[in-house]
Amino acid sequence: MELFKFELYKIFKQKTVYITFFLAILFSTGFTFQLTEQWEKDLYKEWEGPITAEEVKLAEEKNAVLMKKLEDAPDDEPFFFSDRENAEMSVYEGVAWAWGVERNATAKINELEQETGSAAELEKSMLGQLDTSYFYYNVGPGKVIDFASVFSIFITGAMLLIGLSAIYTQEYSSGVENYLLSAKKGRKQLFWAKVGAASVYTVVIVLAWELFNLAWNTVQFGTEGWGSPIQHYFKYYFSPYDFTMLEYHIVQMAFHLLGALSFAVVIVLVSSLSKNVLISFVICSALFSMPFLVVEMMQLPEWLENLFTFTPIFTMNVERLFDFFKAVNLFGTPILFPFVAVVVMVGLMVVAVGVGLRYMKGKELSV
């Protein structure tokens, strides 16, 4: 326990950890603050409730009036909608979007009726359970979810790299390694202490930016709308998962933390194999970022792109696991991507710990 506490102390005493976190949080705000007025929320409340064909038609007519105003504006004069008109258009578009989600699910179910196979049956069953007809003001939850999908990756990744890349190289430079090698099972105990400290550090980092995320976006956009289906957020229009935004965000945080923990254990392993902090940092940075760069910059076959989904950075992003129906066919049984990701991340941690312990045991035997 004392060794574990000492490892925690060494991680959290690093000034660069706090500087990096502060800068990452600062830049994630975009240096902007947008306070939603109550009148804007009231506009949404006028339309809140189950969406009907009559309401959709009315929203389209009102939106057409605004578009006509734009068309009639003189070409030689700049034209701007008022804040209220912009808010009204957002409401009308939201109503049309919610209606489209429900129509899309129905059309997809009808399409799947023509297909056979367990994957089609599973997707049809999932779509049949969706209830996306209720319209809410949900800007706040959408912003929270988006932050956790985008900025959180860079914040967590940077904090893990800065805080943990030197977790073992410090022992080589301080001479502590020689002392521990002389003690029976000393290196093994040290490895577990470092894994435990790295895990606690990871949890603290994720909780820290999540508290900021909730506070920052709640103050700006309010707490309304957490009961909205995730399909009402544009990135999940085709998602077959029956989650409210609140339920999805909880799942989102769990997957992000799992991916972050797996990457933290990998950093501990790489650091144990390298006596140079710069080499450790570069290798870990490459392991973290390369899957994202490859997927974004190269035209890959679908199977290969899907394979990259089961890496820490995309597991932490979470979005690719839930945006569409995706499953791995295992002996005729479809296994949904989220379940595959859990198995892969847990397996990665087990392998990294196993290799690290074996390496430490080899060092003990070489003394």
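No lab work stands behind these numbers, since they all come straight from the coordinates. Since the structure is predicted, the reported quantities are computational estimates derived from the model, not experimental observations. As a convention, Cβ positions derive from the backbone with ideal geometry for all residues, glycine included, and neighbour counts pool all protein chains shown.
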> Which of rounded, prolate, oblate describes the stretch 1-129, given a ≥ b ≥ c as roots of the alpha-carbon gyration tensor eigenvalues and a/c under 1.5 marking rounded, otherwise prolate only if a/b is larger than b/c?
Replying inline: oblate
> Considering the dipole of the stretch 49-135 built from charges on the beta carbon (Lys and Arg +1, Asp and Glu -1) around the Cα centre, which of Ser90, Thr52, Ala64 is farthest to its positive end?
Replying inline: Thr52
>> Placing +1 on the Cβ of each Lys and Arg and -1 on the Cβ of each Asp and Glu in the chain, which of Ala208, Gly140, Tyr9 has its Cα farthest towards the positive end of the resulting dipole?
In response: Tyr9
>> Nearest 10 degrees is fine. How inclined is helix 186-221 to the longest principal axis of the chain, computing both from alpha carbons?
In response: 20 degrees
> What length, rounded to one decimal in nm, is gained on full extension from Gln299 through to Phe33, with 0.36 nm per residue of separation minus their alpha-carbon distance?
Replying inline: 92.1 nm
> Given springs between every Cα pair under 10 Å in a Gaussian network model of the chain, which of Leu330, Leu287, Leu122 has the largest fluctuation?
Replying inline: Leu330
> Normalised by the number of residues in the chain, what is the relative contact order in percent for Cα pairs under 8 Å and 6+ residues apart?
Replying inline: 23 percent
> Treating the beta-carbon of each Lys and Arg as +1 and of each Asp and Glu as -1, no other charges, what is the dipole magnitude of the chain about its Cα centre, to the nearest 20 debye?
Replying inline: 3180 debye
>> Please give the charge dipole size of the stretch 49-135, origin at the Cα centre, charges +1 on K and R Cβ atoms and -1 on D and E Cβ atoms. Round to the nearest 20 debye.
In response: 300 debye
>> At 0.36 nm per residue, and after removing the present C-alpha to C-alpha distance, how many nm does the segment from Gln129 to Glu93 gain when stretched out fully?
In response: 10.5 nm
> Which is farthest toward the positive dipole end of the stretch 270-367 among Phe325, Gly362, Met349, measuring Cα position about the Cα centre, with Cβ charges +1 (Lys, Arg) and -1 (Asp, Glu)?
Replying inline: Gly362
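Of Lys68/Lys108; Lys41/Lys62; Lys62/Lys124, which ones are farther than 24 Å apart at the Cα?
Beyond 24 Å between Cα atoms: Lys68/Lys108; Lys62/Lys124.
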> Expressed in nm to one decimal, what extension gain is obtained for the pair Lys275 and Glu247 from 0.36 nm per residue of sequence separation less their Cα-Cα distance?
Replying inline: 5.7 nm
> By how many degrees, between 0 and 90 and to the nearest 10, does the Cα long axis of helix 2-12 differ from the longest principal axis of the chain?
Replying inline: 50 degrees
> Which angle between 0 and 90 degrees, to the nearest 10, do you get for helix 118-128 versus the longest principal axis of the chain when only C-alpha atoms count?
Replying inline: 50 degrees
> For the pair Gln14 and Leu287, what calculated FRET efficiency results from E = 1/(1 + (r/R0)^6), where r is the Cβ-Cβ distance and R0 = 25 Å, to the nearest 0.05?
Replying inline: 0.75
> Using the beta-carbon distance between Asp75 and Lys235 and R0 = 45 Å, what value does 1/(1 + (r/R0)^6) give for FRET efficiency, to the nearest 0.05?
Replying inline: 0.80
>> Let me spell out the model: positive unit charges on the Cβ of Lys and Arg, negative unit charges on the Cβ of Asp and Glu, origin at the Cα centre of the stretch 184-306. What dipole size does that give, in debye rounded to 20?
In response: 1120 debye
>> Only Cα pairs within less than 10 Å get springs; with that Gaussian network setup on the chain, which residue of Val294, Val318, Val150 has the largest fluctuation?
In response: Val294
> Which residue, Thr315, Thr244, Thr36, tops the fluctuation ranking in a GNM of the chain built on C-alpha contacts under 10 Å?
Replying inline: Thr36
> Between the stretch 24-53 and the stretch 119-143, what is the C-alpha centre distance in whole Å?
Replying inline: 20 Å
